[in-house]
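*Asks:* First, the structure itself, so that you have it in front of you.
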Amino acid sequence: MSHLEAVSAFVEGAPPGELSDVIAGTHDPLFAFQDVMELIFIGADIKSLTVSEPELVDQLAPAFQKYNEEQFATVKLPGSSQPVVISSHNSLGDGRYYDVESSSSFAFDHATQTASAVQSHVIEGEQADLVGHSGDKTENLTSGNRKSTLKSLGNYVNEHYPNAAFGVYPIESDSKIAAVIVANKYSPNNFWNGRWRSLYIFDPSSGSLEGSIKVDVHYYEDGNVRLLTDKPVTASIPSGTGAGIAKEISTAERKYQEELNKGFVSLSEGAFKGLRRQLPVTRQKIEWDKVTGYRLGQDIGGGSSRR
């Protein structure tokens, strides 16, 4: 592995909302809980890795692009307050992406994570109706709205996520559609950040839905611990409608939320509890109201003190 490849790997492994910190060199070495169970080494900062070759930072554009597309980075278009998703599924090439909801395309700077040069962009093709577009703003579930995945997915996301971005895009030569959801919550004052990512691919010809749900949480108070999960999802949607797709997504994500909650309880009662003693070596609880009167050697240590 070359030096550039090694540094790029650190960029691509940056925790949620902390890409700039990884570049600036403000993190300690990072470890992670893989699927709640396995503790693995993730990485450190790239600042110390490029001291002798500072020009490497200028060669990291592909790594920034891969990170932003895989992490479903979000950006607000000029003049808009609604975040839009960056992914390989809505890429037009040459650094431009499109958003179905606003019927626009835009240039995206992967290093600064900013958008510019907004233009009109309306999707066309076989899956245009199934994807849906923003022209119909009515709330009534007409036949067209039931078919629109964007409309149905938006209703689900707005109801279940306090802060999220989503998108629906035709892919693979307009033979399938991709549905993307990303929700971020950053709390640097409390030393943690988190991200939920969902990706679903629907094949209208077979009615099959396949995808994955990924959770990434970084806790870094007095250390670095990271939770990484990846849950595969498969389902069948005979109706082939946007409403049917959104319903299956809702069911899958609710079940996974319940699985995570059970996993956290198990982790707290199992692995974490095993990291520290339940009782002192004497197997007796300390009477804290008498702690000032204890003699260290005899009363706490269990031995006889020397005169």
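Coordinate-derived values only; no laboratory data. From a predicted model like this one, the values you see are computed outputs, not experimental measurements. As a convention, Cβ positions derive from the backbone with ideal geometry for all residues, glycine included, and neighbour counts pool all protein chains shown.
*Asks:* Given H placed 1.01 Å from N in the peptide plane, which residues other than close sequence neighbours of I177 have an amide H under 5 Å from its amide H?
*Replies:* Long-range HN contacts for I177: I171, F202.
*Asks:* Convex hull volume of the Cα atoms in the range 144-251, per residue, in Å³? Could the numbers behind the result be given before it?
*Replies:* Working: hull volume 10.8 nm³, N = 108.
Convex hull volume per residue, Cα atoms: 100 Å³.
*Asks:* Applying the Karplus parametrisation 6.51 cos²θ - 1.76 cosθ + 1.60 with θ = phi - 60° to the phi angles of the range 149-161, what ³J(HN,Hα) value in whole Hz is obtained for each residue in order, glycine and proline being reported as x?
*Replies:* 5, 4, 5, 5, 5, x, 4, 5, 4, 5, 7, 10, 10
*Asks:* Would you grab the residues whose amide H sits under 5 Å from the one on T114? Only those 5+ places off in sequence or on another chain, please, with H modelled 1.01 Å from N.
*Replies:* D109
*Asks:* Could you compute the net charge surrounding S175? Neighbours are other residues with a C-beta less than 13 Å from the C-beta of S175; K and R count +1, D and E count -1. Present the calculation step by step, with values, prior to reporting the outcome.
*Replies:* Details: positive: K176; negative: E126, E172, D174, D203.
Net local charge, S175 excluded: -3.
*Asks:* Further, regarding this structure: If I model a spin label at S175 and S88 as a point 7 Å from the Cα along the Cα→Cβ vector, what separation in nanometres do I get?
*Replies:* The answer from the label model is 1.7 nm.
*Asks:* If you plug each phi of the range 63-78 into the Karplus form 6.51 cos²θ - 1.76 cosθ + 1.60 with θ = phi - 60°, what whole-Hz ³J(HN,Hα) values come out, in order, with x for Gly and Pro?
*Replies:* Couplings: 5, 4, 4, 4, 4, 5, 6, 6, 8, 6, 4, 10, 8, 9, 6, x Hz.
*Asks:* Using θ = phi - 60° and the Karplus relation 6.51 cos²θ - 1.76 cosθ + 1.60, list the HN-Hα couplings for the range 169-185 in order, rounded to whole Hz, with x at every Gly or Pro.
*Replies:* 9, x, 9, 6, 6, 6, 9, 9, 10, 10, 10, 10, 10, 9, 10, 10, 9
*Asks:* Would you mind calculating the gained length between V225 and N261 on full extension (0.36 nm times residue separation, minus the Cα-Cα distance), in nm to one decimal? Mind dumping the intermediate values first?
*Replies:* Working: separation 36, 0.36 × 36 = 12.96 nm, distance 1.81 nm.
Length difference between fully extended and current span is 11.2 nm.
*Asks:* Highest mean first, how do 86-94, 178-186, 203-211 rank when packing is the count of other Cβ atoms within 10 Å averaged over residues?
*Replies:* Numbers: 86-94: 16.7, 178-186: 20.8, 203-211: 14.8.
Packing order, densest peptide first, comes out as 178-186, 86-94, 203-211.
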